[in-house]
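Q: Structure provided below as structure tokens; questions to follow.
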Amino acid sequence: MSGLNLPFPMLSRRRMLQASSTGFGAMALAGMMDESLAVSPALTLPEGAALKQTHHAAKAKHVIFCFMSGGVSHLDSFDPKPRLLRDHGKPMPVKIERTMFNSNGNIMGSPFAFTPSGQSGIPVSSMFPEIAKVVDELAVVRSMTSAVNEHAQANFFMHSGFPIMGYPSAGAWTAYGLGTENRDLPGFVVLQSGTAVPPHGGVSLFSNGFLPAQHQGSILKADQAEAIHNIRPRDPMTAQRRRLDFARQFNQPFLAETAGDAQVEAAIRNYETAFRMQSAVPELCDIAGESESTTKLYGLDSPIPEKAAYARQCLLARRLVERGVRFVELSCLTQNIGAGGAANPWDQHGELKRGHEAMALQVDQPIAALIQDLRARGLLDETLIVWAGEFGRTPFSQGSDGRDHNPYGFSVWLAGGGIKGGVIHGATDDLGYYAIENKCTIYDMWATVLHLMGVNHEGLTYRYGGRDFRLTDVHGNVIREILS
């Protein structure tokens, strides 16, 4: 262009925007510039993170995902509907969408009482007397929706944004983008104990999908002598170190030959992480140094095995975030009475009162203790807790005393890092059937989580099969009303 003798001055793109469309281009440009200047300074991330810096200053460093597999009923936990009690036994006044079993009865009032709790006065079911005591830490979203109505598909959708296997879990995305603050432990850990098994969908729910393999969820059995099989070294650490160093002589040149192939690099990283975990995991799981008051706070002394086992998960979740692990997921246990199957214990198509009472007794005290303990240790402000099932339950009965699946409107809650506590966001209709106010999607939930972690959810992508994928697919809006 420098060799051209033009009769008019060259216009830069900025000058063109300023001169075009009566100034609207300049207004848009100014708006974008103001937005970029308003973003808090980005933070440098640990080695191994895909993002070199956060998009903006993070409010949260860690996520603890309390997944209530099976579909806890919003109508019996955090979204009371007086009309259901008033019209109990009457036919539904609106069209009933297809349900999982299409064995639909009449309106069913909640068997649980609700009490306004905390200074905020948020109504909490009698199922959760301990969580009611910390309700001022919670932002309850009553207008969550899902796109699917079957357990396995809904579990995949909740975890990955896609209703089928093969896509990275939210924990894998978080670990990939932000890395881990502890080289001795994985960035994404799934805790199990007692009778807990993976929800429908299996271990693929914790998959790295097409992301590098080191971001797959590592399952720790919280109450086993060996939390990970063969974690205790059989050979001296010095001997293992020599073998790893010997293997490195071949692995590094091969990595160079493959032009830094992500999967090869992941395999090398996993060898090193596994080596260091031999010391880190037994130390993590050894809770002998915890005070008696702490173990009692969580309920580890409970005579109910399932409650004591879930309490150990919650305590280890705190110990994991203390050690810099980025994302921790907890697993519900099957109850031996009145609950759903092993993979979906909140799934009460019959005997809802009995089953939900048993499940709530399992998780109520440990989760409340986790919030209290994190707060007391100064960790809650940097730890985001997400409580959710894969969908809600219907306002009408299945059989005489159960509820079917309802993806059209249900409740989740968030607490901790960057969340405005003691608030309710959104609403379902007076039957609790459909979200009608500030309707939210699972994409919105994960967009909000990533935002609180300092990540623009649209910017955390991975190219696979010729397309850029992300946790929120092509959707998602941050739920700003619940941010502090």
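Q: I'd like the distance separating the alpha-carbon centroids of the range 281-308 and the range 60-75, in whole Å.
A: The distance from the Cα centre of the range 281-308 to that of the range 60-75 comes to 21 Å.
Q: Also, I was wondering about something else. Once a ≥ b ≥ c are taken as the square roots of the eigenvalues of the Cα gyration tensor of the range 437-484, is the result rounded (a/c under 1.5), prolate (a/b larger than b/c) or oblate (a/b not larger than b/c)? If you can, show how the numbers build up before the last one.
A: Details: a/c = 3.97, a/b = 1.78, b/c = 2.23.
Oblate is the answer for the range 437-484, as a/c is 1.5 or above yet b/c matches or exceeds a/b.
Q: Still on this structure, I have one more. Decide, for the range 170-227, between rounded, prolate and oblate: order the square roots of the alpha carbon gyration tensor eigenvalues as a ≥ b ≥ c, take rounded if a/c falls under 1.5, and otherwise choose prolate if a/b is larger than b/c, else oblate.
A: Details: a/c = 2.76, a/b = 1.33, b/c = 2.07.
Because a/c hits 1.5 or more and a/b fails to exceed b/c, the range 170-227 counts as oblate.
Q: Another question, if that's okay. May I ask you to order 288-301, 117-130, 408-421 by the average number of other C-beta atoms within 10 Å around their residues, highest value first?
A: Numbers: 288-301: 14.6, 117-130: 18.5, 408-421: 24.8.
Most protected by this proxy first, the peptides run 408-421, 117-130, 288-301.
Q: Figure the gain on full extension for I287 and R354 (residue separation times 0.36 nm, minus the Cα-Cα span) and round it to one decimal in nm. Write out the running numbers ahead of the final one.
A: Values: separation 67, 0.36 × 67 = 24.12 nm, distance 3.26 nm.
Using 0.36 nm per residue and subtracting the Cα-Cα distance, I get 20.9 nm.
Q: Now for a different question. Roughly speaking, what is the centre-to-centre gap between the range 100-122 and the range 167-222 when only Cα atoms are used, to the nearest Å?
A: 33
Q: Please sort 477-483, 382-388 by packing, taking for each peptide the average over its residues of neighbouring beta carbons within 10 angstrom, highest first. Walk me through the numbers before you get to the answer.
A: Values: 477-483: 16.7, 382-388: 22.7.
Result, highest mean Cβ count within 10 Å first: 382-388, 477-483.
Q: Does the range 305-352 classify as rounded, prolate or oblate by the C-alpha gyration tensor (a ≥ b ≥ c root eigenvalues; a/c under 1.5 gives rounded; else a/b over b/c gives prolate, otherwise oblate)?
A: Judged from the Cα gyration tensor, the range 305-352 comes out prolate (a/c at least 1.5, a/b above b/c).
Q: Can you check what the net charge comes to around N344, using other residues whose Cβ is under 14 Å from the Cβ of N344 (Lys, Arg +1; Asp, Glu -1)? Intermediate results must be reported in sequence, preceding the final value.
A: On the way: positive: R393, R403; negative: E150, D347, E390, D404.
Residues near N344 contribute -2 overall.
Q: Taking the Cβ-Cβ separation of E47 and F210 as r and a Förster radius of 22 Å, what is the calculated FRET efficiency to the nearest 0.05? Kindly include the intermediate steps, with their values, before the conclusion.
A: Details: r = 22 Å, r/R0 = 1.00.
The value I calculate is 0.50.
Q: Another question, then. Hey, could you grab the Kirkwood Rh for the range 352-424? Inverse mean 1/r over distinct alpha carbon pairs, Å, one decimal.
A: Working: mean 1/r = 0.0696 Å⁻¹.
That comes to 14.4 Å for the range 352-424.
Q: Applying a 10 Å radius around every beta-carbon, put 81-93, 434-446, 181-193 in order of their mean neighbour count, most first. Walk me through the numbers before you get to the answer.
A: Numbers: 81-93: 14.2, 434-446: 19.8, 181-193: 22.8.
Answer by packing, highest mean first, reads 181-193, 434-446, 81-93.
Q: A further question follows. What is the calculated FRET efficiency for N102 to S400, with r their C-beta to C-beta distance and R₀ = 22 Å, to the nearest 0.05?
A: Details: r = 16 Å, r/R0 = 0.74.
Taking R0 as 22 Å, the efficiency between N102 and S400 is 0.85.
Q: Using a Förster radius of 60 Å, what is the FRET efficiency between V94 and Q224 based on their Cβ-Cβ separation? Nearest 0.05, please.
A: 0.80
Q: Suppose each label sits 7 Å from its Cα in the direction of the beta carbon; what would the D301-K420 distance come out to in nanometres?
A: Here the modelled spin labels are 4.0 nm apart.
Q: A 31 angstrom limit on the alpha carbon distance is what I want to check against. Which of K95/K307; K81/K133; K59/K95; K95/K420 exceed it? Before the final figure, lay out the partial values.
A: Details: K95/K307 39 Å; K81/K133 21 Å; K59/K95 43 Å; K95/K420 36 Å.
Where the Cα-Cα span goes over 31 Å, the pairs concerned are K95/K307; K59/K95; K95/K420.
Q: What is the gain in length, in nm to one decimal, between V474 and K133 on full extension, counting 0.36 nm per residue of separation less the C-alpha to C-alpha distance?
A: Details: separation 341, 0.36 × 341 = 122.76 nm, distance 3.82 nm.
Gain on extension, V474 to K133, equals 118.9 nm.
Q: I would also like to ask the following. So for the pair L483, R377, with labels modelled 7 Å out along Cα→Cβ, what separation do we get in nm?
A: The answer from the label model is 2.8 nm.
Q: Where q = 0.15 Å⁻¹, what log10 of I(q)/I(0) comes from the Debye formula for the range 95-155, counting one point per Cα?
A: -0.73
Throughout, read-outs are computed from the coordinates displayed, never taken from laboratory work. What you see is a predicted model; the values in this text were computed from it and never measured. Note that we place each Cβ from the backbone using ideal geometry, even for glycine, and neighbour counts take in every protein chain shown.
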